[in-house]
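The values are calculated or read from the model by the stated rules, or taken from the named source; none is laboratory data. As the structure is a prediction and not an experimental result, all values here were calculated from the model. Cβ placement follows ideal geometry from the backbone for every residue including glycine, while neighbour counts extend to all protein chains displayed.
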Amino acid sequence: MSRFSKEMIESNVWRSPITLSLGAAPILQRVKEGYLVWLGIVQHIPKGSRYTIGVRIEERWLDLLELTYATYFSEKLGKEEKLTKCILVLDTLKFLISVGWEGRLVSHKHYEDLAENLNEVGKMLGGWRKSLSNPDKKNRTL
């Protein structure tokens, strides 16, 4: 290990901003958790399908993670448009995972875990969009 890389590691320069800010961003935490579940599942998919639909699903997970991160830290002006993209990617991801399940590439248990996670992410994104479209209301009744 070079002196430069050792100094960088010790100085915590490479500390992930996502890790530092997840307490304030439960949506990012939830998307990341879902992706980590997927990483444990993809290795059990047969090789022929792993490199076709498995790769496509993984790309959508990463798109969702990246878009959610970008949306969370973006200016308020463009946030609603980015949020709509997040929801579209989420819906595409749900569809591809259901195709994998119907093709018996994903077990019932794994599908259940992923569906639960994605449904919760969908509710969070929907609530977020609703709060952006009604800035005067905080979506709460007292």
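Just a few scattered comments:
- Breaking point among (1) in contact (Cβ under 8 Å) with a residue 60 or more places away in the chain; (2) more than 18 Å from Ala25 (Cβ to Cβ), for Gly103: (1)
- Members of segment 50-109 found to be among the polar types (S, T, N, Q) and under 22 Å from Gly126 (Cβ atoms), listed by number: Thr68, Thr71, Ser74, Thr84, Thr92, Ser98
- Members of segment 71-130 found to be acidic (Asp, Glu) and over 16 Å from the mean Cα position of the chain (by Cα), listed by number: Glu75, Glu80, Glu81, Glu102, Glu112
- Qualifying positions in segment 108-123 - among the basic types (Lys, Arg) and either within 15 Å of Glu33 (Cβ to Cβ) or modelled with pLDDT under 90 (or both): Lys123
- Top-ranked residue in segment 124-142 [being surrounded by 12 or more Cβ atoms within 10 Å (Cβ to Cβ) and not aliphatic (A, V, I, L, M); ranked as modelled with the lowest pLDDT]: Ser131
- Total residues in segment 95-125, condition in a helix (DSSP H, G or I) and either under 26 Å from Lys79 (Cβ atoms) or hydrophobic (A, V, I, L, M, F, W, C) (or both): 16
- Checking each residue in segment 35-94 for being over 14 Å from Trp128 (Cα atoms), without any contact (Cβ under 8 Å) to a residue 40 or more places away in the chain and outside any helix (DSSP H, G or I) picks out Gln43, Glu75.
- Inter-residue pairs, beta-carbon under 6 Å, first at positive phi and in segment 108-136, second surrounded by fewer than 17 Cβ atoms within 10 Å (Cβ to Cβ), 6+ apart: none
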